[in-house]
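Novice: This is the structure, below, for whatever I ask next.
The values are calculated or read from the model by the stated rules, or taken from the named source; none is laboratory data. Computed from a predicted structure; not experimentally measured. Ideal geometry is used to build each Cβ from the backbone, glycine not excepted, and the neighbour counts take in all protein chains shown.
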Amino acid sequence: MARLATRQGFLLALAATLLFRLWLSAALPVTADEAYFVLWGRYPDLGYYDHPPMIGWLLAPLVALSDADWVARLPATLAPAFAALLLRSALLGWFAKDEATANLAALCVLLAPMNVWNVLVTTDAPLMVFSAASLLVFARAAGQNSPAGFLGAGVLLGFAFTSKYFAVLLALGYLAWAIVSRHPRSFLLVFAGALPAGLLNLWWNLNACWCNVMFNAINRHQDDGGWSLQTPALYAVSLAYLAAPLLWFAWRGRGELREAWGRPAERALFLAWFVPLAVFALLSPVKRIGLHWLLSFLPAIVATLALAVERPKLEAATRFFAAFAAVHVLAAVVLVALPLETWKDSRLYSRLVLLFHAEELVAAASPGGAALASDSYSSAAVLAYHARRKVPVFGSGSSHARHDDILTDWRQYQGRDLLILRREPPPDSAYRPYFREVQTRRVELRGATFHAIVGRGFDYEAYRGGVLAPVRERYYRIPGWLPQGRCYFFERYFAP
């Protein structure tokens with residue numbers, strides 16, 4: 001452990017984790033969610049259907065440069081290293097900690113379980129980096145009572161907000177600090193710094209059916225099952241997996257944390273993670289809290305321990321994370337080495353075949369001159385990623401990942417033939433009303449069965465009445481309390 005706490009030990013761990021993550025990013029197939037975000041990068045915009053646009057902006061130059069999977073995954077691959085380096089630099093410079101403590105804190109960020117293996121393209125990668133930068137600048141400003149620092153923390157918070165709306169929870173931590181510290185001007189400056197990003201997002205939503213608001217505040221919650229005892233337990237398990245040793249030593253060092261509470265910077269860092277995790281705890285009885293939702297608050301926990309508790313506690317947490325990281329590396333190597341057929345008896349096998357061999361599936365289905373489509377957003381995203389062309393979603397889809405509503409204009413498919421690929425057997429009623437002629441066939445690929453529906457002569461008017469009208473009622477019922485702006489869905493299909 002003494003060697004890890006040195007500069008050379010930290011740099012060695014940084015290089016080793018980066019090499020492992022680069023290898024893993026090249027070895028794993030691109031998942032459906034990743035393919036969906038890459039499509040954002042291929043069609044850059046000021047906003048996207050279900051999340052703010054930052055990950056699409058980051059991916060746009062990368063996917064224009066290369067089609068390699070590992071290139072698209074660079075934001076996720078590099079994010080833990082950036083967050084660790086930011087924390088180490090801030091501890092050494094702004095907070096004048098010794099180098100051993102700074103190295104240990106950075107190692108905790110690098111070696112935290114999810115940061116070891118998560119190379120998947122998500123909105124959480126830029127959120128973690130910008131949140132870490134914002135909270136460190138805010139803590140520095142709190143310690144120095146710096147108006148410029150509070151404003152800068154707000155600008156960085158705005159970047160975090162354009163990454164994912166969970167940045168609002170970090171803002172709640174800042175608000176709690178302003179209230180407890182009786183320093184309202186600090187939050188006003190933070191708000192001013194973040195305001196341009198918020199206004200840009202509001203303007204885009206006003207002119208895009210309020211789709212971010214509809215998805216995050218309304219549509220995705222309509223099928224929630226109400227109160228549950230399982231979801232709080234799942235939240236506790238997720239929190240333990242991500243940060244158990246950190247939280248344990250924070251509890252063991254609660255006396256030191258109480259003492260640190262009197263120092264503005266440490267108080268700011270504590271509230272930056274305690275308030276969001278408390279909010280998640282309150283929501284957990286009625287909402288499943290995703291593991292990745294917690295990731296952006298990890299640097300604040302580590303920074304709190306680095307500044308407030310004795311170094312042996314941080315050393316013990318680092319030892320745990322290092323051992324746990326070795327287990328994850330070994331598991332990843334074994335899983336990657338296993339042949340795909342290992343999972344042949346699993347219900348997930350057809351999904352895995354699609355992820356690993358989407359190009360073969362398209363070739364086996366022989367679309368010919370027909371436009372390729374799919375019945376789900378996940379399958380459509382994977383097929384579009386590998387086929388390097390748009391693959392629309394035929395049918396109503398789900399509340400998630402409806403960016404296809406923005407990309408696809410079904411009026412342009414009038415009279416055309418479509419080849420719709422799906423994993424489940426097709427019900428006739430889902431296709432025959434919308435084509436002049438429908439043929440179905442099974443497509444066998446590497447032991448998995450897919451289904452191809454060839455629809456001849458697409459009937460747009462029938463589709464508008466049978467599919468698009470119910471979609472409008474289900475997903476685009478904009479509440480009256482939102483000001484009415486433009487809406488691509490209404491203008492395209494239901495303009496008076």
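Novice: Only one of these conditions is not met by S396: (1) closer than 20 Å to A370 by Cα; (2) not acidic (D, E); (3) not in a strand (DSSP E or B). Which number is it?
Specialist: Unmet condition: (1).
Novice: Considering only residues of segment 115-141 that are of a type in the set (A, V, I, L, M) and either touching a His at 6+ places or on another chain (Cβ under 7 Å) or free of Cβ contacts under 8 Å to residues at least 40 places away in the same chain (or both), which is surrounded by the most Cβ atoms within 10 Å (Cβ to Cβ)?
Specialist: Of everything passing the filter in segment 115-141, V137 is surrounded by the most Cβ atoms within 10 Å (Cβ to Cβ).
Novice: Turning to a different aspect of this structure: Within segment 452-475, is there a residue that is in a loop (DSSP other than H, G, I, E, B) and farther than 21 Å from P392 by Cα?
Specialist: No, the conditions are met nowhere in segment 452-475.
Novice: Check off (1) at pLDDT below 95; (2) charged (D, E, K, R); (3) part of a loop (DSSP other than H, G, I, E, B) for R416 and give me the number that stays unchecked.
Specialist: (1)
Novice: What's the total number of residues in segment 308-343 that are polar (S, T, N, Q) and over 28 Å from E99 (Cβ atoms)?
Specialist: Residues meeting the conditions: 1.
Novice: A300 versus (1) closer than 30 Å to E99 by Cβ; (2) surrounded by fewer than 18 Cβ atoms within 10 Å (Cβ to Cβ): which is the lone unmet condition?
Specialist: (2)
Novice: Still on this structure, I have one more. Is it the case, given these coordinates, that A81 is in a helix (DSSP H, G or I) and more than 21 Å from T123 (Cβ to Cβ)?
Specialist: No: the conditions fail for A81.
Novice: If you don't mind, another one. Out of the residues in segment 365-418 that are β-branched (V, I, T) and touching a strand residue (DSSP E or B) at 6+ places or on another chain (Cβ under 8 Å), which is surrounded by the fewest Cβ atoms within 10 Å (Cβ to Cβ)?
Specialist: Residue satisfying both the conditions and the ranking: T408.
Novice: So, in segment 243-268, of the ones that are buried (at least 16 other Cβ atoms within 10 Å of the Cβ) and closer than 18 Å to L107 by Cα, which residue ends up nearest to the chain's Cα centre (by Cα)?
Specialist: Checking each candidate, the answer is A243.
Novice: I would also like to ask the following. Scan segment 86-103 and give yes if some residue there is closer than 27 Å to R220 by Cβ and either assigned to a helix (DSSP H, G or I) or touching a Gly at 6+ places or on another chain (Cβ under 8 Å) (or both), otherwise no.
Specialist: No, segment 86-103 contains no residue that is closer than 27 Å to R220 by Cβ and either assigned to a helix (DSSP H, G or I) or touching a Gly at 6+ places or on another chain (Cβ under 8 Å) (or both).
Novice: Taking segment 399-413 on its own, how many of its residues are basic (K, R) and part of a loop (DSSP other than H, G, I, E, B)?
Specialist: 1
Novice: Right, here's the next one. What is the number of the single condition among (1) touching a residue at least 60 places away in the same chain (Cβ under 8 Å); (2) within 18 Å of A381 (Cβ to Cβ); (3) out of contact with any Cys (no Cβ under 7 Å at 6 or more places or on another chain) that A72 does not meet?
Specialist: Looking at each condition in turn, A72 falls short on (1).
Novice: Limited to segment 6-57, what total is found for residues that are touching a Lys or Arg at 6+ places or on another chain (Cβ under 7 Å) and of a type in the set (S, T, Y)?
Specialist: Qualifying residue count, segment 6-57: 2.
Novice: Which of the following residues is in contact (Cβ under 8 Å) with a residue 40 or more places away in the chain, loosely packed, with under 15 Cβ neighbours inside 10 Å and within 30 Å of F489 (Cβ to Cβ): Y43, Y48, Y36?
Specialist: Y43
Novice: Looking only at segment 101-116, count every residue that is under 18 Å from Y241 (Cα atoms) and among the β-branched types (V, I, T) and tell me the total.
Specialist: The total comes to 2.
Novice: How many residues does segment 92-141 hold that are charged (D, E, K, R) and within 21 Å of L18 (Cβ to Cβ)?
Specialist: 2
Novice: Could you list, in sequence order, the residues of segment 192-216 that are of a type outside the set (F, W, Y) and either touching an Asp or Glu at 6+ places or on another chain (Cβ under 8 Å) or not assigned by TED's automatic domain parsing to the domain that holds G47 (or both)?
Specialist: C211, N212, N216
Novice: Right, another one. From A240, A236, A322, A278, grab the single residue that is surrounded by 15 or more Cβ atoms within 10 Å (Cβ to Cβ) and under 21 Å from the mean Cα position of the chain (by Cα).
Specialist: None of the other options fit; the residue is A278.
Novice: Still on this model: On the basis of being touching a residue at least 40 places away in the same chain (Cβ under 8 Å), in a helix (DSSP H, G or I) and not basic (K, R), does L12 make the cut?
Specialist: Against the criterion (touching a residue at least 40 places away in the same chain (Cβ under 8 Å), in a helix (DSSP H, G or I) and not basic (K, R)), L12 does not qualify.
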